1. All but one of (1) open to solvent by 60 Å² or more (accessible area, probe 1.4 Å); (2) under 16 Å from Leu260 (Cβ atoms) hold for Ser308, so report the exception by its number.
2. Filter region 116-130 for residues that are open to solvent by 20 Å² or more (accessible area, probe 1.4 Å) and touching a Leu at 6+ places or on another chain (Cβ under 9 Å); which is modelled with the highest pLDDT?
3. With Gly225, Gly205 as the choices, which residue is in contact with a helix residue (DSSP H, G or I) (Cβ under 8 Å, 6 or more places away or on another chain), over 30 Å from Lys383 (Cα atoms) and either buried (at least 21 other Cβ atoms within 10 Å of the Cβ) or at pLDDT 95 or above (or both)?
4. Here are some conditions: (1) open to solvent by 30 Å² or more (accessible area, probe 1.4 Å); (2) not in a strand (DSSP E or B). Glu379 meets all but one. Which one does it not meet?
5. For region 68-115, how many residues meet the condition of being touching a Phe, Trp or Tyr at 6+ places or on another chain (Cβ under 6 Å) and open to solvent by 10 Å² or more (accessible area, probe 1.4 Å)?
6. Can you tell me how many residues within region 228-253 are surrounded by 19 or more Cβ atoms within 10 Å (Cβ to Cβ) and either of a type in the set (Val, Ile, Thr) or not in a loop (DSSP other than H, G, I, E, B) (or both)?
7. When you scan region 13-22, do you find a residue that is closer than 20 Å to Ala166 by Cα, modelled with pLDDT of 95 or more, of a type in the set (A, V, I, L, M, F, W, C) and in contact with a Ser or Thr (Cβ under 8 Å, 6 or more places away or on another chain), even just one?
8. Can you find, within region 158-171, the residue that is farthest from Met43 (Cα to Cα) among those that are surrounded by fewer than 24 Cβ atoms within 10 Å (Cβ to Cβ) and in contact (Cβ under 8 Å) with a residue 12 or more places away in the chain?
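The values are calculated or read from the model by the stated rules, or taken from the named source; none is laboratory data. What you see is a predicted model; the values in this text were computed from it and never measured. Cβ coordinates were reconstructed from backbone atoms using ideal geometry, including for glycine residues, and neighbour counts include every protein chain displayed. Side chains are part of the model used for accessible areas, which takes the heavy atoms of the whole protein and leaves out ligands, DNA and RNA. Shrake-Rupley method; radii C 1.70, N 1.55, O 1.52, S 1.80 Å.
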Amino acid sequence: MRMVDVIDHKRNGSALTKAEIEFFVKGVTDGSMPDYQTSALLMAIYFNGMENDEQAELAMQMLKSGDQLDLSDIPGIKVDKHSTGGVGDKTSLPLAPMIAALGIPIPMISGRGLGHTGGTLDKLEAIPGFNVELSEAQFKQQVKDINLAIVGATGNIAPADKKIYALRDVTDTVDSIPLIAGSIMSKKIASGTDALVLDVKTGSGAFMKDEDDARDLAKALVGIGQSVGMNCMAVISDMNQPLGRMIGNALEIQETISILKGEGPDDITDLVLTLGSQMVVLAKKADTLETARHMLEGVVADGSALESFRQMVIAQGGNGDVCDDPTIMPQAKYKVELPAQTSGVVAKMTADEIGIAAMLLGGGRQTKDDKLDYAVGLELHKKVGDPVQAGESLLTIYANREELADIKELLYANIEIAAEAKPIKLIHEIIR
């Protein structure tokens, strides 16, 4: 088989065979495939797409390129959740301990952030001492002991995907639904869980800004999961404004604790309960979503969800006192209010640009080697639809530098106050 023939087939709109996809992924993995040929095929896939069987086969071949976790010795139905990401999206952090508090094992392998703010691992590392790098044996034992662990990837999971992603990033083929779906699902299937709930974001702060694209991605992800026997579904949720009130690493841990105490903002609390209800049903702990939601509300009310989070923090070397005193995390030197310039109703908060403001403060990475400032970020006092008076604070800027003219200018340019506002629908659609 010649790679030029594989490229020709896809360039001309044909579906790739299992043998062709296997040949391609093997060549990427062992280094025998030149970057220029890999890039050519990626561009052909970008323009011509892939059929459902092709997408599933690409994910499976990337999965087979590396290690696979065997979690079969952990009793029960193992569930996981994946989000395509957004501004202020800390849903995994309160969701995982709520699920674990119901006796459901949740082995979560998460990532770091590039852009707006840190990823789940970065946020957890704002807690003094927290260790995200457990061995596979430690990871599995902790899930057995307390039903919960959140770690970085162990072993060599989907190495072909790492090489392909690096090329996608520099060949402008990142936003290809088959390639996104293959990348996500190869790693999630390799992680060894039985059931998966996907949170696919749409809107200004999402990877998929167009709702039709988000729907296509959700269907592709669910289709791949189901093709390999994984119990899988997706929620399409809104990211036209930041989620919750806090944006920034330590700030988002603080908000996580508030959610686990039943004191979190309505939007993120609702999303956590919506995603969590699906996970509880997939784990066969409840027959209906309504029952599952009541169960989740119960573990928040009785304190067991917060205790589950505390147990995870302690088990992974962190200071469990953070649950009672979030100020043990790094604190910003300056807290500066951003007053409204006019009266009216908040009509728009452009999520991605507000996220960039948090990144410029030091809360996110512009390159993978950037060092995070865990203390900085934004606390929103107003969201879309809220009335505001001129001079009233729209948000608080947490910073470790005194000069903030650039941040203020960016924020004012992306927060619109008008006479009225169109309400934002949080949950757009459920894909099963």
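1. (1)
2. Taking the candidates together, the pick is Glu125.
3. Matching residue, one of Gly225, Gly205: Gly225.
4. (2)
5. 1
6. Residues flagged as surrounded by 19 or more Cβ atoms within 10 Å (Cβ to Cβ) and either of a type in the set (Val, Ile, Thr) or not in a loop (DSSP other than H, G, I, E, B) (or both) within region 228-253 amount to 14.
7. The answer is no; no qualifying residue exists.
8. Pro159
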